[in-house]
Amino acid sequence: MGKKSAADRSRDSPAAQHSCCAEGRCAAAECGGSGGKSWKPAAALVVILAMVCVPFVVSVYAAPGGGRNEAKPMDDATRERYREAAKEMFYHSYDSYLQHAFPKDELAPISCKGHDTHNCHGCLLTFYDALDTLVVLENRTEFQRVVRWLAEHGAAAFDRDQSVSVFETNIRVLGSLISNHLLAKKPELNLMPDYNDELLTLAVDLGNRLLRAYMTPHGLPYGSISLKTGPRCPRTATHVESCTLYKDKFVNARTHVCARACLVNGETPKK
């Protein structure tokens, strides 16, 4: 580019621009402006959008419910139809589990066979998941049958040298035991007149086993432990999941915690 002339430099100076502004010619071409044309389309667009959007937003939020879709009242016949459909769906799954998968953790819907999950390895997960649903459906007979079965066989599922996920076992098994114990104790529900804290006894047993995952010198809980023997992170012949970095595309936070816990103990996680 060529050098600017003295006149150009003089026009571009702050003093010259201020002078243009004082004369009302800021948008003029001689002051370096655009001639007052470039802003008009943008301003017109803003005005049009405001005219369209503002009335719409006002009308929506001025409506009853503040813009939320209000559900129409459901008549008794429709409500009963949906209720029966939900019950049918639950019992289709639950009865299929009992017939084809029990006492495994879950039912594989395509093969229609039972399998144990890598999170619990045979803790009867579906049994625990379904227990409070039986309460919601007011199926006291099946609730009582399951509680009695767990009272007799539930502890054996905990006393196995299998590595389980602390997180999953906590929220699904221990959580089910505690919540269903509280439900069974409610006299107004009348779920099980002869209930004698069987679920609470199992909850205390399982909770004490899981507590060992938190008894670490570094404050980081193990992600997986054996419910029978406790944490397996210290170097042994059986170096298991709690010190394994999974090769999944999405590595969750629990895996990182397990790896850090092992590293603090002087372990090198397996890859």
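The rows are residues; the columns are (1) at pLDDT 90 or above; (2) crowded, with 19+ Cβ neighbours inside 10 Å; (3) among the aromatic types (Phe, Trp, Tyr); (4) assigned to a loop (DSSP other than H, G, I, E, B).
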residue	(1), (2), (3), (4)
Arg160	no, no, no, yes
Asp194	yes, no, no, yes
Asn208	yes, no, no, no
Gly219	no, no, no, yes
Tyr222	no, yes, yes, yes
Pro234	no, no, no, yes
Val251	no, no, no, yes
Arg254	no, no, no, no
Ala261	no, yes, no, no
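Does Thr126 satisfy the condition of being more than 19 Å from Lys228 (Cβ to Cβ), assigned to a helix (DSSP H, G or I) and at pLDDT below 95? So Thr126 passes the test.
For the stretch 81-123, name all the residues that are among the small types (Gly, Ala, Ser), more than 26 Å from His181 (Cα to Cα) and not in a helix (DSSP H, G or I).
Step one: list which residues in the stretch 81-123 are among the small types (Gly, Ala, Ser), which gives 85-86, 93, 96, 101, 108, 111, 114, 122.
In the following step, the residues that additionally are more than 26 Å from His181 (Cα to Cα) were identified as 85, 108, 111, 114.
Within the stretch 81-123, Ala108, Ser111, Gly114 qualify.
Remark: pairs (first residue in the stretch 68-82, within 24 Å of Leu137 (Cβ to Cβ) and surrounded by 10 or more Cβ atoms within 10 Å (Cβ to Cβ); second residue of a type in the set (A, V, I, L, M, F, W, C) and modelled with pLDDT under 90; Cβ separation under 9 Å; 6+ apart in sequence or on different chains) = Tyr82/Met74. For the stretch 175-192, a residue qualifies if it is assigned to a loop (DSSP other than H, G, I, E, B) and either under 29 Å from the mean Cα position of the chain (by Cα) or of a type in the set (D, E, K, R) (or both), and the qualifying residues are Lys185, Lys186, Glu188. Take Glu142 and tell me if it is of a type outside the set (A, V, I, L, M), over 21 Å from the mean Cα position of the chain (by Cα), under 21 Å from Gly114 (Cα atoms) and at pLDDT 95 or above. For Glu142, the condition - of a type outside the set (A, V, I, L, M), over 21 Å from the mean Cα position of the chain (by Cα), under 21 Å from Gly114 (Cα atoms) and at pLDDT 95 or above - is met.
Among the residues of this structure, Leu150 does not count as one that is assigned to a helix (DSSP H, G or I), farther than 17 Å from Asp116 by Cα and without any contact (Cβ under 8 Å) to a residue 24 or more places away in the chain. Considering only residues in the stretch 93-108 that are under 26 Å from the mean Cα position of the chain (by Cα) and either of a type in the set (Gly, Ala, Ser) or more than 29 Å from Asp159 (Cα to Cα) (or both), the one that is surrounded by the most Cβ atoms within 10 Å (Cβ to Cβ) turns out to be Ser93. Looking only at residues in the stretch 116-158 that are hydroxyl-bearing (Ser, Thr, Tyr) and over 21 Å from Tyr195 (Cβ atoms), the one that is surrounded by the fewest Cβ atoms within 10 Å (Cβ to Cβ) is Thr117. Figure legend. Inter-residue proximity from the stretch 205-225: first residues among the hydroxyl-bearing types (Ser, Thr, Tyr), second residues surrounded by 15 or more Cβ atoms within 10 Å (Cβ to Cβ) and part of a strand (DSSP E or B), beta-carbon distance below 7 Å, spacing 6+ or different chains. Indicated pairs: Ser224/Ser163; Ser224/Val164; Ser224/Ser165.
Please specify each residue of the stretch 129-147 satisfying the condition of being of a type in the set (S, T, N, Q) and either in contact (Cβ under 8 Å) with a residue 40 or more places away in the chain or part of a helix (DSSP H, G or I) (or both). Within the stretch 129-147, Thr133, Thr141, Gln144 meet the criteria.
The values are calculated or read from the model by the stated rules, or taken from the named source; none is laboratory data. Bear in mind the structure is a predicted one, so any value in this text is a computation, not a measurement. All Cβ positions, glycine included, derive from the backbone under ideal geometry; neighbour counts span all protein chains shown.
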